[in-house]
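Notes to accompany the following structure.
The values are calculated or read from the model by the stated rules, or taken from the named source; none is laboratory data. Since this is a predicted model, take the numbers as computed values, not measurements. Neighbour counts are summed over all protein chains in view; Cβ atoms, including those assigned to glycine, are modelled from backbone coordinates with ideal geometry. With ligands, DNA and RNA removed, areas are computed over all heavy atoms of the protein, side chains included. Shrake-Rupley method; radii C 1.70, N 1.55, O 1.52, S 1.80 Å.
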Amino acid sequence: MSVAISDTPVRSGRRRGVWRGRIFVALLLLSMAVGFVALGTLFFDVLSKGLAYVDPVLLTNPPSSDPDIAGARPAILATLYLGILLILFTVPIGVGTAIYLEEYADRNRWYNRLLELNIQNLAAVPSIVYGILGLAFLVRGPLNLGNVVLAGGLTLGLLVLPMVIIASREALRAVPSSIREGSMALGATQWQTIWRQVLPAAIPGIATGVILALSRAIGETAPLIVIGAATVIAFNPTGLDSPFTAMPIQIFDWISRASNDINDYRPLAAAGILLLILLLLAMNSVAIWLRNRYEQKW
Amino acid sequence: MATRAESLSLAPPRKRWGEVVIKAALAACALVSVATTVGIVVALFLPAFEFFQKVSFWDYITGTEWAPLFLQQSFGVIPLIVGTISVTLWASLIAIPLGLGAAIFLSEYARPRLRATLKPALELLAGIPTVVYGYFALTWVTPHLKDTGLDVGVFNALSAGLVMGVMIIPTVASLSEDAMSAVPSDLRYGAYALGSSKLQVSTRIVVPAAVSGIVAAFVLGISRAIGETMIVLLAAGQQPNLSFDPREAVETMSAFIAATGAGDVPTGSVEYKTIFAVGATLFVMTLLVNAISIRLVRKYREVYE
């Protein structure tokens, strides 16, 4: 039985469809472009306003009310301290949790499932709530550390802990079970297998995750504001128990200051932003390089 | 050669205590995350509870005047909630269509190499510190909005909302794209075989099939917008304002917490406890939004064989 095909409706439909398809693609490209155009505008704006102020003065001087001699040295150093504290805190605990969840935990037990759900929830909590947590427990409350570097580092550490855990789990999961089984077959205990076979294989993935978490933490301002990072500090942080600031806080301070024709802090803020973005770009590049260089295809 | 049967034994080996200790240590690490959640709940709700001993909960929830630090104190939280919703609305208006559009492009139209370059580039948008976005909103977007003739104040909800929307685009796009990639290609090929155009396949086959993941992406974006602090702190202002007019300054819940936390309210005072009360409100709101997302995902999830 033959089916009658009338060709005029099909042909005109196809023509209309071609234009509709093209307009659709154009809209989609526009959607993609908006984000990048905004990003580009942001970069150019910050670059044009701040480049003049990016010089050794910015790096080596303490802040001052005179924009020409103001620098961000305490903020830069404090950010470095916070970063180191963060790594010391999150890596053992995050990787330990990931190892527990991936290698030791029985997935059918309710408490392990709750643990996983808990970590997913923590990743979605707004960062300012972590600031409140730090304020209530670390700065005032039971530990009563005061608004010092240690409190800041721990708060940021708690903030990015879920990220580190999730990234480490992915890295551990990517190691094929044949490696584990082979090791066990040769008589190794579970921990020996993990420590000598699985973990070394997962380190690139874990390192990438840690660096990304670090770069997220370095850009965070809100939690540090709530736990009382000082906005005007003229001396370098002296240790774990000294008041501190951080680069995003310094930038925030410079933006919020009233600028007039005599003292204009906005270009200074732009310069600080350039520094921060440079730092973040460097870190992310290292993370991407690590991933590409050491990624193993099993 | 005969094997020495006495040396073989089927009894389990002696327990290695080192292994037990290590497992306990790792479990202790895992408990840190539990402690964090418990800590958050206690840190928010204990002082909030004390706060509600002093201030009536009904006044708090229904009051339309937020002035905790003034001489004539008033603790109605509605202006803060309205501020949060107003900015979130504008952010969603930007992030949801553009994010979905970007996701459809990446998933259906872009060649694999292009996708491999564009996807990380989009992640770059998400990696920019929010204080930088706040700076951008305050010093570039607001003046340019004024130039277009719109009568916006120095602080206004629109700038903050627009910039926040751009910041959230990668979140929405990334998750939506993951959801769309998970749709089996068989569905697409079947549609092409029946004569569909790419437009029809994308909009009538792939998107509906991935709708649960896409909705989850939208809701995640919204919940990020609700909790975001720096952009609104810098660009929307610190004036509680019961108004949905985007040209006016508003204060969101998160901006209030940051501003008050940065100031010097005496510990233990009622003003200090407002931080926790508003924090608890914010937390509950985020939880509700996430719970809605989980239910929606479960309801619309497509199961493929």
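Values as computed for the structure displayed
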{"item": "Whichever residue in the stretch B:174-200 is in contact (Cβ under 8 Å) with a residue 24 or more places away in the chain and part of a loop (DSSP other than H, G, I, E, B) and, among such residues, is most open to solvent (accessible area, probe 1.4 Å)", "result": "B:ALA182"}
{"item": "Test: residue in the stretch B:140-156 that is within 9 Å of chain A (Cβ to nearest Cβ) and open to solvent by less than 10 Å² (accessible area, probe 1.4 Å)", "result": "no"}
{"item": "Within the stretch B:249-279, considering residues that are charged (D, E, K, R) and surrounded by 21 or more Cβ atoms within 10 Å (Cβ to Cβ), the one nearest to the chain's Cα centre (by Cα)", "result": "B:GLU251"}
{"item": "Pairs where the first residue, in the stretch A:214-226, is within 8 Å of chain B (Cβ to nearest Cβ) and without any contact (Cβ under 8 Å) to a residue 40 or more places away in the chain and the second is small (Gly, Ala, Ser) and outside any helix (DSSP H, G or I), C-beta under 9 Å, 6+ apart", "result": "A:THR221/A:ALA229; A:THR221/A:ALA246"}
{"item": "Test: residue in the stretch B:228-243 that is part of a helix (DSSP H, G or I), more than 9 Å from chain A (Cβ to nearest Cβ) and open to solvent by 10 Å² or more (accessible area, probe 1.4 Å)", "result": "no"}
{"item": "For B:SER243: the one exception among (1) under 30 Å from B:SER74 (Cβ atoms); (2) polar (S, T, N, Q); (3) at pLDDT 90 or above", "result": "(3)"}
{"item": "Residue, farthest from the other protein chains (Cβ to nearest Cβ), within the stretch A:86-103, restricted to residues that are touching a Gly at 6+ places or on another chain (Cβ under 6 Å) and open to solvent by less than 30 Å² (accessible area, probe 1.4 Å)", "result": "A:LEU86"}
{"item": "Residue selected from the stretch A:104-157 under the condition away from chain B (no Cβ under 12 Å) and touching a residue at least 24 places away in the same chain (Cβ under 8 Å), by the criterion farthest from B:GLY227 (Cα to Cα)", "result": "A:LEU145"}
{"item": "Yes/no for A:ILE76 being assigned to a helix (DSSP H, G or I), farther than 30 Å from A:GLU181 by Cβ, in contact (Cβ under 8 Å) with a residue 40 or more places away in the chain and not small (Gly, Ala, Ser)", "result": "yes"}
{"item": "Selected residue (criterion: farthest from the other protein chains (Cβ to nearest Cβ)) from residues of the stretch A:269-298 that are open to solvent by less than 60 Å² (accessible area, probe 1.4 Å) and within 15 Å of A:ILE203 (Cα to Cα)", "result": "A:LEU290"}
{"item": "Qualifying positions in the stretch B:108-122 - within 11 Å of chain A (Cβ to nearest Cβ) and not in a helix (DSSP H, G or I)", "result": "B:ALA110"}
{"item": "For B:THR203: the one exception among (1) more than 9 Å from chain A (Cβ to nearest Cβ); (2) hydroxyl-bearing (Ser, Thr, Tyr); (3) open to solvent by 30 Å² or more (accessible area, probe 1.4 Å)", "result": "(1)"}
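Each row is one residue, and each column tells you yes or no for (1) part of a helix (DSSP H, G or I); (2) more than 8 Å from chain A (Cβ to nearest Cβ); (3) open to solvent by 70 Å² or more (accessible area, probe 1.4 Å).
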residue	(1), (2), (3)
B:ILE40	yes, no, no
B:PHE49	yes, yes, yes
B:ILE81	yes, yes, no
B:ILE96	yes, yes, no
B:PHE136	yes, no, no
